[in-house]
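These notes are about the structure you will find just below.
The values are calculated or read from the model by the stated rules, or taken from the named source; none is laboratory data. Owing to the predicted nature of the structure, the values given are computational and were not obtained by experimental measurement. When we count neighbours, we look across all protein chains shown, and the Cβ atoms used for this are built from the backbone with ideal geometry, even at glycine. To get the accessible areas, we keep the full protein, side chains included, count just its heavy atoms, and leave off ligands, DNA and RNA. Shrake-Rupley method; radii C 1.70, N 1.55, O 1.52, S 1.80 Å.
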Amino acid sequence: MRKSQPVPGGPPGHLIGRIFSPPEHRAAVATDPRASRGRFFAEPESPTRTCYQRDRDRIIHSSAFRRLKHKTQVFVQHEGDYFRTRLTHSLEVAQIARSVARLLAVDEDLAEAVALAHDLGHTPFGHAGEEALNAATAQFGGFDHNAHALKLVTQLEHRYADFDGLNLTWETLEGLVKHNGPLAGRRGPLPGPIVSFDRRWPLALDTWPGIEAQIAAIADDIAYVNHDIDDGLRANLFSVDDLKAAPLVGRFVHEIAAAYGTLEASRLIGEIVRRLMSAMVVDLVSETRARLAESGAGSAAEVRSAGRAIAAFSGGMTENVAALKGFLFSHMYRHPRVVQSMESAKQVVAQLFTAFTSQPALLPEDWRKLCEDSAEAARVSVVRDYIAGMTDRFALLEHRRIFDIEIAI
């Protein structure tokens, strides 16, 4: 850690801006920036931005966020300019989260900040890279992208003279770690970075997060289901005819054909995605309002202690989305073209891990110094962090530098 002394939580008053004012019609369950639990390291707050606006800006300007431009969503980054990367996915999630937060009159900036940060910890090559890195480090705690995202924003980002990390607010960190729900009591041990940070500044791992983080989590589902349909059609992994029989989306394909006949591909894809996304958002907002009324929650704290998700799809939409994900799994994620590419990606990650752990001299100087006189577990941690931060492109360059061979992905 840098020289600043931590003041966990700090006094709520030190987060109050000087020229901004809260929205006039804020829902009672909204997370109020004026009542934030603060930052781990006390620092003067911005006179022009709320604390959550500042968190959002810090995330956008971070190195980890920029690297998402060259990290796989489904297709490896170099395959085509039209396909999503982790960066474009994160932007789409943030747009949906902000729009839903506005409809529900909760804090848009916090929802956007959590959405922008939710994929910061992903490895190169998407879930294939994560699986390979998790397997390689299984004896040393494995790898979890949410835990690594927390480590990035609390330790590994080096942008400020007074502290490591981005010094985000408690609420943003809470949302980043548990936007999918409580972590306490889940199967298996919690990832080390989460346990370690929670000891220093407890994140209430046994409760749900605020409603803004819950919104960001479902915005993630909405975004990736829709853009994977878009990308899958453009990549010819499945056809419009296949979609006609697909859960949830099939009826929109039939409606569009009845209304417009034959459309050019880009217009057809746009109409399908527009209608599907709208249906999912409308359902989310309607169900969330119903759950808020049923719960009687009158504050952000009561949302956290409600015992279940407040921001959610209806039962029918939940079933339909799960079925649609099943369609995408069989037609897209397990498509031979995607599987072959991801198997090659796993090989790259596994071989890089073996090379760096057995020969730390292969690491860049600043990373190599972290391995000097270190126990095996510490050395593995350094290599894990180094590989996790790579983009697809850089991982392939490092593999070629070390092994003098080029793997086609």
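Points worth noting:
- Test: residue in the stretch 359-372 that is of a type in the set (A, V, I, L, M), assigned to a helix (DSSP H, G or I), surrounded by 19 or more Cβ atoms within 10 Å (Cβ to Cβ) and touching a helix residue (DSSP H, G or I) at 6+ places or on another chain (Cβ under 7 Å): no
- Residue in the stretch 83-106 that is of a type in the set (Asp, Glu) and either open to solvent by less than 40 Å² (accessible area, probe 1.4 Å) or over 14 Å from the mean Cα position of the chain (by Cα) (or both) present: no
- Evaluation of Ile310 against (1) closer than 26 Å to Asp206 by Cβ; (2) surrounded by fewer than 19 Cβ atoms within 10 Å (Cβ to Cβ) (one fails), failing number: (2)
- Restricting Leu87, Leu116 to those that are in contact (Cβ under 8 Å) with a residue 24 or more places away in the chain and assigned to a helix (DSSP H, G or I) reduces the list to Leu116.
- The residues listed here are Ala377, Ala355, Ala395, Ala388; of these, the one that is open to solvent by 20 Å² or more (accessible area, probe 1.4 Å) and closer than 21 Å to Gly129 by Cα is Ala377.
- Test: residue in the stretch 330-348 that is of a type in the set (Val, Ile, Thr), farther than 27 Å from Pro193 by Cβ and modelled with pLDDT under 95: yes
- Checked against (1) under 23 Å from Arg98 (Cα atoms); (2) over 16 Å from the mean Cα position of the chain (by Cα), Gln214 passes all but a single condition, namely (2).
- Some residue of the stretch 245-252 being in contact with a Leu (Cβ under 8 Å, 6 or more places away or on another chain), among the hydrophobic types (A, V, I, L, M, F, W, C) and under 18 Å from Ile215 (Cα atoms): no
- Subset of the stretch 266-285 (residues that are small (Gly, Ala, Ser) and over 24 Å from the mean Cα position of the chain (by Cα)): Ser266, Gly270
- Every test in (1) modelled with pLDDT of 90 or more; (2) in contact with a Ser or Thr (Cβ under 8 Å, 6 or more places away or on another chain) is passed by Val76 save one, and that test is (1).
- You will find that of Ala184, Ala135, the residue that is surrounded by fewer than 18 Cβ atoms within 10 Å (Cβ to Cβ), in a loop (DSSP other than H, G, I, E, B), of a type in the set (A, V, I, L, M, F, W, C) and more than 15 Å from the chain's Cα centre (by Cα) is Ala184 and no other.
- Leading residue by the ranking (nearest to the chain's Cα centre (by Cα)) among those in the stretch 156-169 that are touching a residue at least 40 places away in the same chain (Cβ under 8 Å) and open to solvent by 20 Å² or more (accessible area, probe 1.4 Å): Leu156
- Residue list for the stretch 1-41, restricted to those being modelled with pLDDT of 50 or more, of a type in the set (Gly, Ala, Ser) and open to solvent by less than 50 Å² (accessible area, probe 1.4 Å): Gly9, Gly10, Ala27, Ala30, Ser36, Gly38
- Looking across Thr172, Thr123, one residue alone is within 22 Å of Leu205 (Cβ to Cβ), open to solvent by less than 10 Å² (accessible area, probe 1.4 Å) and among the polar types (S, T, N, Q). It is Thr172.
- When every residue of the stretch 331-347 is checked against the conditions, at least one turns out to be among the charged types (D, E, K, R) and under 30 Å from Lys244 (Cβ atoms).
- Just one of the listed residues (Leu370, Leu396, Leu362) is modelled with pLDDT of 95 or more and more than 18 Å from Gln139 (Cα to Cα), and it is Leu362.
- Those residues of the stretch 377-409 which are part of a loop (DSSP other than H, G, I, E, B) and among the polar types (S, T, N, Q), in sequence order: Thr391
- Within the option set Asn180, Asn236, being at positive phi, of a type outside the set (Asp, Glu) and out of contact with any Leu (no Cβ under 8 Å at 6 or more places or on another chain) holds for one residue only, Asn236.
- Output for the stretch 196-227, where each listed residue is open to solvent by 10 Å² or more (accessible area, probe 1.4 Å) and closer than 30 Å to Ile272 by Cβ: Ala217, Ile218, Asp220, Asp221, Tyr224
- Enumeration of residues in the stretch 292-306 that are in contact (Cβ under 8 Å) with a residue 12 or more places away in the chain and either open to solvent by 50 Å² or more (accessible area, probe 1.4 Å) or outside any helix (DSSP H, G or I) (or both): Ser295, Ala297, Gly298, Ser299, Glu302, Ser305, Ala306
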